[in-house]
Every structure is written in structure tokens, then in C-alpha cells.
Amino acid sequence: MKPGSIPYHRCFEVLGNPLRIAIIQLLKAKPRSVSELAEQLGEEQSTVSHSLAALRKCNFVESRRQGKKVVYSLRETFLKKIKEGDIFSALERHYAEHGAKCWRSGK
């Protein structure tokens, strides 16, 4: 991809929320349910659910039903690049796979 073709600033808008970053950090270690995340973060479950919805809409996290719980995890391709410490490569790959469908227009 040529330089300037990826709207990094829009991705950072989605990731620029401290709660979402904290969620990503917890999910790097292992998948967790909303209630587990809320307890560990000291946040209301509805607040955590709202942040997870934004991360899921942008394909940074995925969810699966496990009995009565919904368990969230980072998408494997994004997790791998984050663990490598290369956020720009992670965003480039993410953009190539998912485009800008979740990023707000404008700005």
C-alpha cells in the first residue's frame, strides 16, 4: 500500500479511548466475558459492552457464545501484529482485510 492511503487517524479515533485500550490489553492475555472485563476494569457492564461493540464493529475483537456468556477475544491477525509491537503493520493489515467500513467519514 502506498503511504498516505490508510486513514490511520480514523483508526486511532476508535482506539484512542482509554477504556478500549484497557480492554485490548486484557484481551491480549486471554479471552474474557463482559462481566469479567467489567470487574477487572472497575467499570459498569454497560460501559464495557458499549466499548466492546465499537471494537467489534471495527473488527478488532470477535465474540463467541460460551453457554450463557459471550466471550470476547482479539482477532488473531490483529493480536499477532500487536504482540510483535508493530501497530502500523497491524493497522495496515486490518485495513486491507476490513477497509474503512467502521471508521467515521470526514475529518
Can you pull out the residues in segment 59-77 that are surrounded by 14 or more Cβ atoms within 10 Å (Cβ to Cβ) and in a loop (DSSP other than H, G, I, E, B)? N59, F60, R75
What single numbered condition from (1) modelled with pLDDT under 95; (2) among the hydroxyl-bearing types (S, T, Y); (3) surrounded by 15 or more Cβ atoms within 10 Å (Cβ to Cβ) fails to hold for S33? (1)
Residue count, segment 37-58, condition polar (S, T, N, Q), over 12 Å from I23 (Cα atoms) and buried (at least 17 other Cβ atoms within 10 Å of the Cβ), comes to 0
L15 vs. criteria among the aliphatic types (A, V, I, L, M), within 21 Å of H98 (Cα to Cα) and at pLDDT below 85: yes
Might you let me know whether segment 35-53 holds any residue that is more than 17 Å from L15 (Cβ to Cβ) and touching a residue at least 40 places away in the same chain (Cβ under 8 Å)? no
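The values are calculated or read from the model by the stated rules, or taken from the named source; none is laboratory data. Computed from a predicted structure; not experimentally measured. As a convention, Cβ positions derive from the backbone with ideal geometry for all residues, glycine included, and neighbour counts pool all protein chains shown.
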